Structure formats: structure tokens, C-alpha cells
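K.L.:
Starting off with a structure, shown below.
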Amino acid sequence: MPTPNRFKAPLVLLVTLVLLCAGVAVLVGVFGLLVKLFGAV
């Protein structure tokens with residue numbers, strides 16, 4: 001059962017948003033870890 005066209009665009013947008021948020025969260029986490037690591041030295 002193919003997805004109707006009117007649901008496809010918001011779904012793609014939602015997935016893109018979620019992936020973007022996940023990517024930003026990972027970057028912030030890695031950056032925080034690096035700061036903590038080099039801040040202790």
C-alpha cells in the first residue's frame with residue numbers, strides 16, 4: 001500500500017528534522033566530552 005502523496009512530504013520533513021536533531025545532539029555530546037576530557041588536563 002503506497003503512501004498518499006499528501007502524507008509523504010510531512011513525513012520526509014519529520015524524518016529530516018529527527019535526523020538533524022539526532023546529529024546535533026551527537027555533535028554536542030562529542031564536543032562536551034572533548035571539553036571535559038581536555039579541561040581536566
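K.L.:
Under the rule of -39500 (n - 2.57) per DSSP H run of 4 or more residues, summed and divided by the residues of the chain, what mean residue ellipticity at 222 nm is obtained, to the nearest 500 deg cm²/dmol?
P.N.:
Result for the chain: -32000 deg cm²/dmol, rounded to the nearest 500.
K.L.:
In degrees between 0 and 90, to the nearest 10, how far off the longest principal axis of the chain does helix 5-40 point, with axes built from Cα atoms?
P.N.:
0
K.L.:
Next up: Between Leu19 and Phe7, what length in nm is gained on full extension when 0.36 nm per residue of separation is reduced by their alpha carbon distance?
P.N.:
Gain in length upon complete extension: 2.5 nm.
Values quoted throughout were computed directly from the atomic coordinates according to the rules given, and no laboratory measurement underlies them. Being a predicted model, the structure only gives us computed values, none of them experimental.
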